[in-house]
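S.K.: My structure is below; once you've seen it, I'll send some questions.
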Amino acid sequence: MKIKDWPAGERPREKLLEKGAEALSDAELLAIFLRVGLPGLSAVDLARRLLNDFGGLRPLLEAERDDFCRARGLGDAKFAQLQAALEMAKRHLAETIQHGSALCSPGAVRDYLAIQLRHRRREVFCCLYLDNQHRVIAFEELFEGTLNAANVYPREVVQQALLKGAAAVILAHNHPSGVSEPSQADIWITERLTQALELVDIKVLDHLIVGEGKALSFAEQGLM
């Protein structure tokens with residue numbers, strides 16, 4: 001049965017309009033993006049097949065172009081649409097944290113950093129520069145390393161923070177392994193950076209580690 005022949009309350013688009021996007025399953029959301037299915041498969045059926053083949057929504061969204069386009073029912077046009085949608089999400093989160101105090105929207109900060117770093121296959125160390133009212137000045141990737149480490153140089157962090165005119169910073173890096181628990185090296189470099197930045201009156205507000213699940217906050221864990 002085609003989706004247009006389903007009861008109105010079960011059609012993904014109508015369900016979204018009535019109940020909101022959060023009420024839809026991954027397959028229903030993906031079906032709206034796909035718009036059409038394949039011969040013998042509705043858009044929802046195709047969405048379920050794709051989620052099964054890729055291993056879930058996130059692996060599908062983060063798939064390389066060749067792998068994405070190889071799947072039946074997808075292609076360059078869908079890949080371009082998806083990348084545009086993901087970039088809009090990034091920019092929306094960036095604007096959300098730029099138009100107010102970063103400390104007043106910690107959830108948006110976490111979401112922004114997670115969407116920037118979660119898909120990276122190498123460890124990347126970043127810095128969110130804030131003014132004296134904790135509004136975002138800039139976001140910058142400072143160091144990129146290997147699968148499990150990135151060399152971080154305090155002198156460069158201090159230099160860039162001064163160039164940006166920052167009064168405070170939020171540090172962040174990812175763990176490609178998916179485990180967000182901090183290592184001893186993570187704790188040590190956070191202490192070094194905190195001490196180095198304090199010498200020039202720049203405060204480290206937090207250090208976030210982005211793993212597979214929720215980003216871990218050093219401040220919340222009492223590690224700084």
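The values are calculated or read from the model by the stated rules, or taken from the named source; none is laboratory data. Just so we're clear, the structure is a prediction, and the values are computed from it rather than from any experiment. Neighbour counts are summed over all protein chains in view; Cβ atoms, including those assigned to glycine, are modelled from backbone coordinates with ideal geometry. Quick note on the areas: whole protein, heavy atoms, side chains included, nothing else; ligands and nucleic acids left out. Shrake-Rupley method; radii C 1.70, N 1.55, O 1.52, S 1.80 Å.
S.K.: Just the residues that are open to solvent by 50 Å² or more (accessible area, probe 1.4 Å) and basic (Lys, Arg), please, taken from the stretch 66-87.
M.R.: Once the filter is applied, which keeps residues that are open to solvent by 50 Å² or more (accessible area, probe 1.4 Å) and basic (Lys, Arg), the stretch 66-87 yields Arg70, Arg72.
S.K.: Do you know which residues across the stretch 188-224 are farther than 22 Å from Gln133 by Cα, open to solvent by 90 Å² or more (accessible area, probe 1.4 Å) and touching a helix residue (DSSP H, G or I) at 6+ places or on another chain (Cβ under 8 Å)?
M.R.: Arg192, Lys214
S.K.: In the stretch 184-223, how many residues are touching a Leu at 6+ places or on another chain (Cβ under 8 Å) and not small (Gly, Ala, Ser)?
M.R.: 15
S.K.: Ok, one more. Give the stretch 116-143 a look and list any residue that's aromatic (Phe, Trp, Tyr) and either surrounded by 19 or more Cβ atoms within 10 Å (Cβ to Cβ) or in contact with a Lys or Arg (Cβ under 7 Å, 6 or more places away or on another chain) (or both), or say none.
M.R.: Phe125, Tyr129
Here is a yes/no grid of residues against (1) modelled with pLDDT of 90 or more; (2) open to solvent by 70 Å² or more (accessible area, probe 1.4 Å); (3) aliphatic (A, V, I, L, M):
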site	(1), (2), (3)
Leu24	yes, no, yes
Leu29	yes, no, yes
Pro39	no, yes, no
Leu46	yes, no, yes
Arg49	yes, yes, no
Gly55	yes, no, no
Pro59	no, no, no
Glu64	yes, yes, no
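S.K.: Can you tell me which residues in the stretch 94-115 are open to solvent by less than 30 Å² (accessible area, probe 1.4 Å), aliphatic (A, V, I, L, M) and either under 19 Å from Ala167 (Cβ atoms) or modelled with pLDDT under 80 (or both)?
M.R.: Passing the criteria: Ala94, Ile97, Ala102, Ala108, Val109.
S.K.: Among Ala150, Ala167, Ala161, Ala185, which is open to solvent by 60 Å² or more (accessible area, probe 1.4 Å), aliphatic (A, V, I, L, M) and more than 19 Å from Gly107 (Cα to Cα)?
M.R.: Sole residue among the options that is open to solvent by 60 Å² or more (accessible area, probe 1.4 Å), aliphatic (A, V, I, L, M) and more than 19 Å from Gly107 (Cα to Cα): Ala185.
S.K.: Failed condition for Lys90, given (1) open to solvent by 30 Å² or more (accessible area, probe 1.4 Å); (2) over 28 Å from Leu29 (Cα atoms); (3) modelled with pLDDT under 85, with all others met?
M.R.: Evaluating Lys90 over (1) open to solvent by 30 Å² or more (accessible area, probe 1.4 Å); (2) over 28 Å from Leu29 (Cα atoms); (3) modelled with pLDDT under 85 leaves (2) as the failure.
S.K.: Kindly state which strands (runs of 3 or more DSSP E) lie completely within the stretch 117-224 and contain at least 2 residues that are on the phi < 0 side of the Ramachandran plot and touching a residue at least 60 places away in the same chain (Cβ under 8 Å).
M.R.: Because the criterion is at least 2 residues that are on the phi < 0 side of the Ramachandran plot and touching a residue at least 60 places away in the same chain (Cβ under 8 Å), the strands (runs of 3 or more DSSP E) in the stretch 117-224 that meet it are 203-210.
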